[in-house]
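The values are calculated or read from the model by the stated rules, or taken from the named source; none is laboratory data. Since the structure is predicted, the reported quantities are computational estimates derived from the model, not experimental observations. Neighbour counts are summed over all protein chains in view; Cβ atoms, including those assigned to glycine, are modelled from backbone coordinates with ideal geometry. Heavy atoms of the whole protein, side chains included, go into the accessibility calculation; ligands, DNA and RNA do not. Shrake-Rupley method; radii C 1.70, N 1.55, O 1.52, S 1.80 Å.
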Amino acid sequence: MAKRKNVLIRLFTCLMSLTISICLLTRFSLNANAESYYVGTIKSSSYAGIRANIEPRSYPNVTGSGESAWVSNVHSVSGGIEWLQTGFRYRDGYDGYRSYVESTNAGAYSMQEIGYHVLYYAAPYKVEYESDGKWHAYLSGYHKKAMTFSFSSATVEAMAEAHSPSIELGPFYFTNVNYKSTSGTWYYMNSTPYADYPFHVDITNNYTYKAY
């Protein structure tokens, strides 16, 4: 009986080790081409919008990589994560910052670049849920996209994002970061901004910060 028990314990240990190995392998395989480092603020759970003025002040060295600054909703659904995002991005080979709208919905990914974002201009970007039952993306006050999702509230974020730890980030200046409640009221962001290593954030207050 004791021998059988020891065999079962060894078998269980081997199975657990194999499961952990498979999980780790899957995790690193999925993220091998999707490295991201974030600087900014998140309002988790159930909100109906996010907006911010975002200003770039230089063209950083992004050799072999790229970065962006944006506002977005994000929501976990069966089978993955969905979002609607708008901001600007800068990649190796670009001649300037390009504004864009990006989304993932029901497994379909979309990236649409929309003109240029010039230096020293704090453009307003906004994503919000509206009374028509759709999420909308706005760039400098102009409506750019409407989408129907399976959710009417989500986590909302105002972020800078780098795709390599060895590139320069921005600097990007975020001002007037607001979130929208499900009742339709806008509030100043009250979640503390953070920075993934090796990047930094200088905080004036929770709705005004520099990402670099």
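With respect to the conditions (1) open to solvent by 40 Å² or more (accessible area, probe 1.4 Å); (2) in contact (Cβ under 8 Å) with a residue 60 or more places away in the chain; (3) outside any loop (DSSP other than H, G, I, E, B), ALA158 lacks only one, and its number is (1).
Restricting attention to segment 36-64, the residues that are within 25 Å of ARG91 (Cβ to Cβ) and either part of a strand (DSSP E or B) or β-branched (Val, Ile, Thr) (or both) add up to 15. Scanning segment 113-155 for residues that are of a type in the set (Ser, Thr, Tyr), under 25 Å from SER46 (Cβ atoms), in a loop (DSSP other than H, G, I, E, B) and open to solvent by 50 Å² or more (accessible area, probe 1.4 Å) gives SER131, THR148, SER150, SER152. Among the conditions (1) in contact with a His (Cβ under 9 Å, 6 or more places away or on another chain); (2) assigned to a loop (DSSP other than H, G, I, E, B), GLY93 misses just one, which is (1).
Scanning segment 32-48 for residues being of a type in the set (Gly, Ala, Ser) and either at pLDDT below 95 or open to solvent by 70 Å² or more (accessible area, probe 1.4 Å) (or both) gives a total of 5. On the given criteria, is ARG89 within 22 Å of THR208 (Cα to Cα) and touching an Asp or Glu at 6+ places or on another chain (Cβ under 8 Å)? So ARG89 fits the description; yes. Sort out which residues of segment 58-82 are open to solvent by 40 Å² or more (accessible area, probe 1.4 Å) and free of Cβ contacts under 8 Å to residues at least 40 places away in the same chain, and write them in order of number. Selection gives SER76, SER78, GLY79, ILE81. Residue under question is SER164, and the condition is that it be under 30 Å from ASP132 (Cα atoms) and either of a type in the set (Phe, Trp, Tyr) or touching a residue at least 12 places away in the same chain (Cβ under 8 Å) (or both); does it hold? Taking the combined requirement at face value, the residue does not satisfy it. The condition of being basic (Lys, Arg), closer than 19 Å to VAL156 by Cβ and under 19 Å from the mean Cα position of the chain (by Cα) does not hold for LYS134. Only residues that are more than 15 Å from the chain's Cα centre (by Cα) and more than 18 Å from LEU139 (Cβ to Cβ) were counted in segment 88-104, giving 4. Do we find that ARG51 is open to solvent by 30 Å² or more (accessible area, probe 1.4 Å), of a type in the set (D, E, K, R), in contact (Cβ under 8 Å) with a residue 60 or more places away in the chain and over 13 Å from LYS126 (Cα atoms) in this structure? So ARG51 fails the test.
Residue pairs whose Cβ atoms lie under 7 Å apart, sitting 6 or more positions apart in sequence or on different chains, and linking a residue in segment 105-124 that is more than 22 Å from PRO171 (Cβ to Cβ) and polar (S, T, N, Q) to a partner that is part of a strand (DSSP E or B) and open to solvent by less than 90 Å² (accessible area, probe 1.4 Å), are ASN105/GLU82; ASN105/MET147; SER110/GLU102; SER110/SER103; GLN112/TYR100; GLN112/VAL101.
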